[in-house]
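Where a number appears in this text, it was derived from the coordinates with a stated rule and is not lab data. Everything numeric in this text was worked out from a predicted model, so none of it was measured. When we count neighbours, we look across all protein chains shown, and the Cβ atoms used for this are built from the backbone with ideal geometry, even at glycine.
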Amino acid sequence: MVCAGAALAAATAAPASAATGPPARARVAVIDCTGNAQVRPGQFMLACGDGNNVLTSLRWSQWQPQAAVAEGTDMVNDCKPYCAAGRFHGYPVHVRLQHPQLRSGHPGQWHFTQATLTYHGSRPADTAAVVTSRLWG
């Protein structure tokens, strides 16, 4: 299963509630494995615990308060015969981050709560063509 990172944003406009979504001028950023905010990262680790899944070569065509969209490569370790001896394989992927919410414990900061990966052609074994994951934040 693909795990994904969350997003964080500092609101730059009038306050909004989580029910209404971020203000139009909110700056939403994805949270990396160490809890740091990133906007339009070139790579993003999905498997923070073991590093066996990372999005690379990300080219963002959209980064708005409601959604962020990119094309890139999903690098996945096949873990054969076990993860330390496995090989990484790259799969072309469309990435969409969405469902922004206020980040708990961080007043005025927003984060995406969902990531959807859509594979173009080949994909990791036992993985659907479209995978949607809840993001932590």
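Tell me which label goes with the value of mean projected area of the Cα convex hull in nm² computed from the coordinates here: [x] 8.1; [y] 10.1; [z] 14.7.
Only one listed value fits the structure, namely [x].
For the range 18-137, what is the charge dipole size about the Cα centre, in debye to the nearest 20, if Lys and Arg each add +1 at the Cβ and Asp and Glu each add -1 at the Cβ?
320 debye
Lys and Arg at +1, Asp and Glu at -1: add these up for the other residues within a Cβ distance under 10 Å of residue 86 and post the number.
+1
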